[in-house]
Amino acid sequence: MSAKNVSGPNGKKPASAATNLIAGGGAGMMEALACHPLDTIKVRMQLSRRARAPGTKPRGFLKTGSEIIKRETPLGLYKGLGAVLTGIVPKMAIRFTSYEWYKQMLAGKDGSVSGQATFMAGLAAGVTEAVAVVTPMEVVKIRLQAQHHSMADPLDVPKYRNAAHALYTVVKEEGIAALYRGVSLTALRQGSNQAVNFTAYTEFRAALQNWQGTHDLPSWQTAFIGLVSGAMGPLSNAPIDTIKTRLQKTPAEAGETAIGRIVKIGSDMWKQEGTRSFYKGITPRIMRVAPGQAVTFTVYEYLKGVLERGREMMEGGRYEE
């Protein structure tokens, strides 16, 4: 991959931390609202331990989704959304800000950023967001999504009532370390996701910019390359995500180590459910992550442009004074 003399995803001056906070947070909120039902379906499919009988078809994402709606109402698809929305602003701010920081640190003396540097910056940004925000957020989210209760029945009281209550209960019963259960797998998943995502997005964007002779791409092109780049990560790390989901769903038993639980979960899946079990939920995950990245990059680029134009106008006004 060739080196590029660019500083940000759009080839312009890197955005400030405040811009990344607002643009990244806004993009993340839109992505969560649009795609969370698919994430809930993905989690339910990954947690399903049913071995498929010979001659029967596996339960797909449409059947899983319809069962959730039938038994738990359509609101059941939004279980865990509070946890996601609480963490999405710092998550996206950390992702874009740390990505820019790592990329500048890895840039050549002339300011050029190679494809390898872009990959490593995305990897480091994914690990950073996983440790800082994503792991605790996903532990809470998965506990909420795993509950099979109807949100329309006031007498059907679940163990975890909402994100705040789930957080409190997990810490009280299992200790604060429980919030970081699966942090190694989450860091590996997020790191590989963002490494592939940012590299593909940057390469596709640069190709379109060079072909059209402009840094400013229309929103539909940004959405399309975000969609394509977003689909690549889940295909590369589906087994990691499935094991991570099962690890975070249940409390650890006394004397068990993290690596021991990971090996046991993977071994049990292999023996009891077969190779296909490692890819449970891959369809809704791609359907969630790919359009999610399309929404994220499109909204991020739009809000970033608005904020930067506003900043330039304010600075121009100060100069005129």
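Quick notes
- Sole residue being over 28 Å from residue 18 (Cβ atoms) and either touching a residue at least 60 places away in the same chain (Cβ under 8 Å) or of a type in the set (Gly, Ala, Ser) (or both), chosen from 108, 115: 115
- Residue 164 small (Gly, Ala, Ser), assigned to a helix (DSSP H, G or I), open to solvent by less than 20 Å² (accessible area, probe 1.4 Å) and farther than 22 Å from residue 100 by Cβ: no
- Residue 272 being assigned to a helix (DSSP H, G or I), open to solvent by 30 Å² or more (accessible area, probe 1.4 Å) and polar (S, T, N, Q): yes
- Of residues in segment 245-262 being open to solvent by less than 50 Å² (accessible area, probe 1.4 Å) and among the β-branched types (Val, Ile, Thr), the one farthest from residue 95 (Cα to Cα): 250
- Residue count for segment 91-127 under the criterion of being in contact with a Gly (Cβ under 9 Å, 6 or more places away or on another chain) and open to solvent by 20 Å² or more (accessible area, probe 1.4 Å): the result is 9.
- Selection of segment 59-90 for residues being aliphatic (A, V, I, L, M) and open to solvent by less than 40 Å² (accessible area, probe 1.4 Å) yields 68, 77, 81, 83, 84, 88.
- Residue in segment 128-140 that is open to solvent by 50 Å² or more (accessible area, probe 1.4 Å) and part of a helix (DSSP H, G or I) present: yes
Condition check ((1) surrounded by 19 or more Cβ atoms within 10 Å (Cβ to Cβ); (2) assigned to a helix (DSSP H, G or I); (3) out of contact with any Pro (no Cβ under 6 Å at 6 or more places or on another chain); (4) β-branched (Val, Ile, Thr)) across all residues:
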site: 264; (1), (2), (3), (4): no, yes, yes, no
site: 277; (1), (2), (3), (4): yes, yes, yes, no
site: 286; (1), (2), (3), (4): yes, yes, no, yes
site: 299; (1), (2), (3), (4): yes, yes, yes, yes
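- Residue check for residue 177: over 20 Å from residue 266 (Cβ atoms), crowded, with 17+ Cβ neighbours inside 10 Å and at pLDDT 85 or above: no
- The one condition from (1) over 23 Å from the mean Cα position of the chain (by Cα); (2) closer than 30 Å to residue 254 by Cβ that residue 114 does not meet is (2).
The values are calculated or read from the model by the stated rules, or taken from the named source; none is laboratory data. Only a predicted model underlies this, so the values are computations on that prediction, with no experimental measurement involved. Please note: Cβ atoms are built from the backbone with ideal geometry, for glycine as well, and neighbour counts cover all protein chains shown. For accessibility, only protein heavy atoms count, side chains too; no ligands or nucleic acids. Shrake-Rupley method; radii C 1.70, N 1.55, O 1.52, S 1.80 Å.
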